[in-house]
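Participant: Would you mind keeping the following structure in view while I ask a few things?
The values are calculated or read from the model by the stated rules, or taken from the named source; none is laboratory data. Quick caveat, the model's predicted, so the values are computed rather than measured. As a convention, Cβ positions derive from the backbone with ideal geometry for all residues, glycine included, and neighbour counts pool all protein chains shown.
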C-alpha cells in the first residue's frame, strides 16, 4: 500500500460555489469521493469529486486523472475514497491523499461497453447533471453498504438511499435496472428493511410510468431541450445526417422506428430492451441530432452568444479556469473575431496545459494576431509555448 496525492480544482463552479468559506473551514481532515465521469463531453478521463454531503465540488486536476483512474481500476470499485490534507482558498483547490496498491507504472483505462456490434459515429449530447450524481450515489452505496458501524455511518447511508430513490427512476439503462434489483436483495440480507422497501418502490417504476408519466417527460425533454442540442448544433458540419439516420435504423429491434412512429411508447420500449448506459446515450444523441437537423430550416439555430456560452462551459469544465480568466478569454475573442479564433484558442489550450497558462500573456498573443513565446510558470516550472493566429 502507498499514499498518493491528487489535487482537486474548479471548486467555484459547482455545488459549493455559494458557501466556499464554510466549505474550506471544515474540509481539512474530511473524506471526499472520486468517480470517473464517463459522460464528460470534453475529457473522457475526467474524474469528478463529491464531498461528505454528497455535493459535487470539483474535479481532479486534468494532468492527474489517468493516475486516479488507474487507482480506481486496481481497487475494483467505481469510486475512490480520499482524505483532504490541504486547503488552498487563494487558488480554490484541495490536496487529497488516496491509499492504493498502485505502483506508479501501469496506466490502463476502463473499457467502453459494446451492444451487439452497433456502430454510432455521430456527436453526443451533454449529459444532465442528475445522471452523473446518480452514478456517484450508486458507487457510494456500494462503497458504504458493508461498513455501517456507527450512527453517523447509518445516517449518511440513509441519505444516499434517499437521494438514489429520488433519481433512479430516470435512469432506464441496463446497469441501473440490474443494480436496483441487486441492491434491494443486499439491503434485505442486511436487515435494512426500510431502505430495501424504499428501493423496491422504484423497481419497475420507470417501465410502468413512461406511457404518460414523469419518466417519459424527462426523456422527452432530454431529446428536445435546446441546452442539450446546442452542443450537437456545433458539430453539424462534421457529420452526415443521412448516415446518422442509417445507423439509428440499424439499432436492434427497430427501436428508432418506434421513436418515429410512437414517441409515447419509445421510452418504455427502451427500458425493457435492457440497453447498456453508454450505448443508450449514443442512441439518444443520434435521435436528437437527426431531429435537430430536420428542424434546422424551420428556424432552429444557435446564436453566437450561445456558442460563446458553450465554449466557455467547455473551457471551465476541462481546464478549471476561474471567472476572471474566462472574462479575459471572452473579451479577447470578442475583439479578434469569435468564429475564427475560438477553435485556434481551444487547440492552443489543449496543447499547452491550459490550467497552468498565464491567460494575461495569452491575451497579448491573441490580440496581436501573431506568433509569440508565452511563458508558463507553475510551481517554479517554466515552459515555452507557441500560438499562431
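Participant: I'd like to verify a number: residues in region 37-52 that are modelled with pLDDT of 90 or more and over 14 Å from residue 93 (Cα atoms), how many?
Facilitator: So the answer is 2.
Participant: Moving to a separate point now. Which of the helices (runs of 4 or more DSSP H) contained wholly in region 219-266 include at least 1 residues that are loosely packed, with under 13 Cβ neighbours inside 10 Å and at pLDDT 80 or above?
Facilitator: So the answer is 241-249, 255-261.
Participant: Filtering region 277-287 down to residues that are under 17 Å from the mean Cα position of the chain (by Cα) and over 16 Å from residue 169 (Cβ atoms), which residue is modelled with the lowest pLDDT?
Facilitator: Among those residues, the one meeting the criterion is 278.
Participant: So how many residues does region 48-101 have that are out of contact with any strand residue (DSSP E or B) (no Cβ under 9 Å at 6 or more places or on another chain), under 21 Å from residue 134 (Cβ atoms) and either assigned by TED's automatic domain parsing to the domain that holds residue 155 or in contact (Cβ under 8 Å) with a residue 60 or more places away in the chain (or both)?
Facilitator: 1
Participant: Of the residues that sit in region 88-105 and are crowded, with 20+ Cβ neighbours inside 10 Å and at pLDDT 90 or above, which one is nearest to residue 139 (Cα to Cα)?
Facilitator: 98
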